[in-house]
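In what follows, a structure is listed as structure tokens, so that the remarks can point back to it.
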Amino acid sequence: MSDLSLSQRATEKKKAAPAFVPADGKIDQDLIFSIYDRLDTGVWIFDFDEKRMLWANRKALEITDADSLEELRSRDMGSDMSHSVEQRLRQYQQDFTKHDVSFSEIWTLYPKGKAEVLQVVMSGIRLNDGRMALLCEGRPHHEQQPETLRSAEALMHTTVMISLFSEDGNPLYRNTAARAASTDLECTLWDHFIDKALARKVMGVLSEKATTKFVAEVLTCDGLRWHEITIRRCHDAVTGKPAFLLSEIDVTELHQTKERAQYLASHDALTGLSNRTYLKERLLQVRQTAQENDLIATLYLVDLDDFKMVNDTLGHAAGDHLLQLVASRLKELAGNNDIVARLGGDEFLICHLSSPESPRPDWFGQALLQAFATPQMIEGKPRHVGLSIGYVHYPMDGSDIDELMRHADLALYQAKSERKNKCVRYKEFMRKIRDKHLSLKKDLERAIRANEFLLYYQPIACTRSQRIVGAEALLRWQHPERGLVSPDDFVPVAEETGLINEIGTWVSRNVADMQSRLKLLDVSVPLSMNVSPKQLSDPKFLSRMENLPKETACNANEISLEITESVLLGDIPHAYETLMKLKAAGYRIVIDDFGTGYSNLAYLHNYPIDGIKIDRMFMNDIATGGAIVRLILSLATALDATVVAEGVETVEQRSWLSENGCNRFQGFLYSKPVPEEQFVDMLQAQIRAAAM
Ligand code: C2E
Ligand code: CA
Ligand code: CA
């Protein structure tokens with residue numbers, strides 16, 4: 001307390017004259033003062049507010065090097081008092097106002113520049129005007145070693161909060177910083193912690209270890225803060241009894257930054273849901289909880305059906321809005337303890353725990369479908385949002401998280417491919433199908449490298465003249481073991497895996513070559529090739545098709561691209577633009593398998609359609625009047641599109657078509673698909689026949 005000192009001239013260090021003490025014990029005030037003056041302990045009263053000494057006994061005058069009490073009282077202690085001393089005095093004043101406590105501290109005074117080390121016991125004393133003043137009892141503290149003195153000083157000035165508690169948790173000592181932070185000086189060690197479970201855990205650790213360090217939330221006079229706390233087992237220096245020594249530093253800012261960083265790393269920024277990284281950790285916990293408590297954990301994988309379309313047609317803002325909407329609906333429906341996570345893109349995961357007695361552990365999936373059965377408002381407009389859900393039950397459908405996720409994924413895959421049942425539980429057969437697909441995929445990759453594909457051609461003929469007026473190129477796979485494999489057995493997997501892009505490139509190249517070759521042979525007929533929707537959404541497809549005439553000298557006007565109705569229904573982004581550009585490059589656009597898709601025909605006239613192929617299933621319809629075929633034919637006339645009837649197997653069918661204005665047909669009646677050479681032969685024979 002150097003600030004309390006002022007350089008003073010020396011006082012005579014004489015004791016007051018001895019006084020007689022009345023034997024009846026009736027001691028008057030003067031006598032009390034003279035007794036005080038005989039004490040070897042400095043006693044003084046300090047006025048917090050005025051920052052002046054109010055009273056001091058003789059020993060105190062000696063310590064402060066004061067001439068007289070008047071001189072000491074006249075000193076303005078506040079004039080050169082440092083901010084930290086001022087703060088500490090205010091703290092004492094508050095402590096004494098709130099609690100009847102006393103503190104013992106070691107002070108160093110510097111009267112006349114000479115260090116005077118005192119052991120000071122401080123307590124509060126009320127003035128008769130009601131204010132709280134400081135009562136000090138100071139004793140010279142000569143026996144202290146310099147190191148101890150310094151450490152005592154350090155203890156008082158440090159911002160580290162240091163406190164000592166008895167073994168049963170009662171407070172024994174708090175340094176200035178600990179007192180300043182404390183809301184209640186009587187607060188026990190246990191009550192110090194907000195998280196009681198953590199407090200118990202810490203005590204458990206301390207029963208085995210001498211020291212422990214952790215970060216915990218504590219209540220301070222600045223509200224809830226995060227402290228890094230070190231607790232050490234020790235002995236109270238005064239009683240020798242076991243005690244706990246705590247040192248604490250405030251790490252709130254650091255903790256919050258860390259928490260924020262952790263939150264950002266573990267949550268999806270768009271929806272606020274857990275992300276994939278964090279999910280794994282949480283699922284492991286859930287699995288353990290389920291295992292320990294004999295519960296069923298159900299994992300749902302949820303995928304939006306037309307998300308890509310929303311993103312592509314309405315823009316990314318609408319796509320984001322949709323994801324946020326789905327995320328909040330999922331959170332609404334899920335219980336507080338359920339995990340709701342976004343796996344990325346438009347895929348979500350929900351994990352729910354239920355008891356084995358629960359009649360429907362899969363209720364959530366159905367509830368979810370129901371919640372999305374009605375249109376959702378996206379950017380102010382009602383839209384239907386389709387969901388597909390695949391789910392698994394732990395422990396029935398898998399034992400570890402990876403396996404459960406794989407199986408849920410298989411179930412989701414199944415749900416995606418089904419029209420009605422959109423919430424599917426994993427079944428063993430799905431794994432078998434997937435395994436088959438995987439090996440087929442590998443085989444296809446090999447086949448592409450080994451060039452095992454070839455094209456067959458199926459003639460398209462005139463229903464009247466029965467002359468060949470075109471042909472459709474149909475893909476075949478010459479498999480080294482399986483023989484000739486039909487496209488139905490591998491095209492779906494090629495589409496799913498994206499390999500169709502590479503295979504399709506090969507097909508278009510070969511059709512173009514064939515077209516040039518037929519031209520050279522003077523037997524040219526228009527050719528058709530099948531284009532899968534997947535190819536249309538491949539950005540490279542268009543440029544390849546545009547370059548094809550330059551590269552192969554083919555005539556694009558003589559090539560038809562057969563696409564399915566689904567392309568026109570909005571599943572493919574930028575379908576319209578792509579088709580327009582293909583048409584601009586000279587190709588004809590033909591709708592394949594017409595009539596098998598959605599029966600909404602209104603979209604047709606919006607697209608640049610040159611032809612329609614009536615699906616072969618309608619050929620059976622001819623025997624019973626052919627109403628649908630007639631309808632399609634009139635529609636084609638309205639659209640100014642050419643028509644090819646597919647799958648014509650009987651003479652009756654062909655005659656009916658001819659009579660009803662359908663000029664072209666394709667089917668086993670005329671010819672099965674045949675190898676390239678055979679098709680060339682057919683064309684040459686036709687030319688020869690005509691010449692005769
Ligand atoms: P699609 O485009 O509808 O082709 C017509 C299919 O009907 C061919 O089967 C053909 O052999 C068969 N067919 C022709 N006439 C008749 C008939 O009178 N009766 C019956 N029952 N069937 C007949 P294929 O060659 O097995 O091809 C099956 C499908 O594979 C094709 O159906 C097409 O969707 C796809 N595909 C074929 N080649 C390619 C290709 O190069 N690329 C793509 N993406 N798909 C292809
Ligand atoms: Ca076709
Ligand atoms: Ca067809």
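Here, each number is a calculation from the coordinates, and none is a lab measurement. These numbers were taken from a predicted model, which means no experiment stands behind them. A quick note on method: Cβ atoms are made from the backbone with ideal geometry, for glycine too, and the neighbour counts reach across all protein chains shown.
Between S486 and N663, how many nm apart are label points set 7 Å from Cα along the C-beta direction?
3.2 nm
Loop only per DSSP, at most 16 neighbouring Cβ atoms within 10 Å: give me the GluC sites (Glu not before Pro) in the range 396-489, ordered by residue number.
E418, E452, E481
Would you give the gap between the C-alpha center of the range 636-691 and the C-alpha center of the range 473-549, rounded to a whole Å?
21 Å
Indicate, rounded to the nearest 5 percent, the antiparallel portion of the DSSP beta bridges found entirely in the chain.
If I count the DSSP bridges inside the chain, around 80 percent turn out antiparallel.
Under a crude label model (7 Å from the Cα following the beta-carbon direction), how far is A367 from E649 in nanometres?
Simple spin-label model gives 5.1 nm for this pair.
Where does helix 29-38 land angle-wise versus the long Cα axis of the chain, in degrees 0 to 90, nearest 10?
Here the helix axis deviates by roughly 80 degrees.
Assigning unit charges at the beta carbon (Lys, Arg +1; Asp, Glu -1) and nothing else, what dipole magnitude in debye, to the nearest 20, does the chain show about its Cα centre?
Roughly 1080 debye for the chain.
Calculate, axis by axis, the spread of Cα positions in the range 438-691 along the three principal axes, and write the results as whole Å, longest axis first.
The Cα atoms of the range 438-691 stretch 48, 45, 36 Å along the principal axes, largest first.
Obtain the nm distance between the two label points defined at R282 and H437 by a simple spin-label model: each point lies 7 Å from its Cα along the Cα-to-C-beta direction.
2.7 nm
For E357 and I687 in one chain, what is 0.36 nm times their gap in residues minus the Cα-Cα distance, to one decimal in nm?
Value of the extension gain: 111.0 nm.
In the range 345-383, whose amide N lies under 20 Å from the spot 7 Å out along Cα-to-Cβ of D294? List them in ranges.
353-362
Rounded to whole Å and ordered largest first, report the semi-axes of the equivalent ellipsoid of the range 610-692 derived from its Cα gyration tensor (root of 5λ).
Value: 26, 15, 12 Å, ordered largest first.
In the structure displayed, which of K308/K422; K441/K613; K381/K416; K280/K436; K308/K381 lie more than 20 Å apart, Cα to Cα?
K441/K613; K381/K416; K280/K436
Assuming 0.36 nm per residue, please report the length gained on full extension of the stretch R464 to H83 beyond their Cα-Cα distance.
126.1 nm
Could you name the aspartates and glutamates in cross-link range of K114, using Cα to Cα under 15 Å and dropping any fewer than eight places away on the same chain?
Excluding near neighbours in sequence, the set is D3, E62, D65.
Show which lysines lie in cross-link reach of K213 when reach means a straight Cα distance below 24 angstrom and same-chain residues fewer than eight apart are skipped.
Cα-Cα hits under 24 Å: K196, K201, K241, K258.
List the aspartates and glutamates whose Cα sits under 15 Å from the Cα of K540, skipping any in the same chain fewer than 8 residues away.
Of all the aspartates and glutamates, those that pass the test against K540 - Cα under 15 Å, at least 8 places apart if same chain - are E502, E577.
As an exercise, find the ratio Rg/Rh for the range 538-612 from alpha-carbon atoms, using the Kirkwood inverse-distance average for Rh.
A ratio of 0.98.
What's the extension gain from I35 to R232 if we count 0.36 nm per residue and subtract their Cα-Cα distance?
Once the chain is fully extended between I35 and R232, it gains 66.5 nm.
Using a cut-off of under 17 Å, list every residue of the range 218-261 whose amide N is near the label point 7 Å from the Cα of L172 along the Cα-to-beta-carbon line.
The answer is 230-248.
So what J values fall out for the range 555-565 if you push phi through Karplus, 6.51 cos²θ - 1.76 cosθ + 1.60 with θ = phi - 60°, rounded to Hz, Gly and Pro as x?
10, 4, 5, 9, 10, 9, 9, 8, 10, 8, 4
For a quick check: with amide H placed at 1.01 Å from N, whose amide H comes under 5 Å from I378's, ignoring anything fewer than 5 positions away on the same chain?
R383
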